[in-house]
Amino acid sequence: MRRHTRADAFDAVKAVGLTLPGVEATIRYDGSPVLKAGGCFMAGLASHRSAEPGTLVVRIGLEQREWLLEDAPDTYYVTDYYLPYPLVLVRLSSIDGDALRDLLSTSWRLSIEKAGKRARTSRRRGTRCRTHPGK
């Protein structure tokens, strides 16, 4: 019998994410899979111990995060560790395909915007994209 890995849980996320323009699937320094848009973090498996197993962490605006937390607390949550960042935690077992597609599309847009800003400022200061803790 085949054992499921963390990467297996990411397969559906990866399949949806790679349909968006400029998205790449890669591996973080800790071995966890992530999606990047324009070189900026978009979504990945949560690796901090405060997150539940099978949790996706997704770039999202703080206002949108509050709405998601109120609207679907069984699907979306945030821990103290992730609270300062424009991210939301998603229970992969609770999200349907349409909601995942909508969430990743929003994350893609925010990541592309950040990548554009990063490109403009990096020419001046040599900065890099950073939103996800631990990167």
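The values are calculated or read from the model by the stated rules, or taken from the named source; none is laboratory data. None of these values were measured; they are calculated from a predicted model. Using ideal geometry, Cβ is built from the backbone for each residue, glycine included, and neighbour counts are taken over all protein chains shown. Accessible surface is based on the protein model in full, side chains and every heavy atom, while ligands, DNA and RNA are left aside. Shrake-Rupley method; radii C 1.70, N 1.55, O 1.52, S 1.80 Å.
Residue 50 fulfils the conditions (1) surrounded by 15 or more Cβ atoms within 10 Å (Cβ to Cβ); (2) over 25 Å from residue 117 (Cα atoms); (3) modelled with pLDDT of 95 or more except for a single criterion, (1). Output the residues belonging to segment 82-96 that are in a helix (DSSP H, G or I), open to solvent by 40 Å² or more (accessible area, probe 1.4 Å) and farther than 20 Å from residue 66 by Cβ. The answer is 93, and nothing else.
Yes or no, residue by residue, for (1) farther than 21 Å from residue 35 by Cα; (2) at pLDDT below 95; (3) part of a loop (DSSP other than H, G, I, E, B):
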| site | (1), (2), (3) |
| --- | --- |
| 80 | yes, no, yes |
| 100 | no, no, no |
| 114 | no, yes, no |
| 122 | yes, yes, no |
| 135 | no, yes, yes |
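If you go through segment 63-118 and keep only what is touching a helix residue (DSSP H, G or I) at 6+ places or on another chain (Cβ under 8 Å) and hydroxyl-bearing (Ser, Thr, Tyr), you end up with 75, 76, 77, 106.
Among the residues of segment 53-78, the one identified as under 18 Å from residue 108 (Cα atoms), among the hydrophobic types (A, V, I, L, M, F, W, C) and open to solvent by 70 Å² or more (accessible area, probe 1.4 Å) is 62.
Of the residues making up segment 16-62, those that are basic (Lys, Arg) and touching a helix residue (DSSP H, G or I) at 6+ places or on another chain (Cβ under 9 Å) are 36, 59.
Applying the condition of being assigned to a loop (DSSP other than H, G, I, E, B), modelled with pLDDT under 90 and of a type in the set (D, E, K, R) to segment 2-44 and asking which residue is least open to solvent (accessible area, probe 1.4 Å) yields 30.
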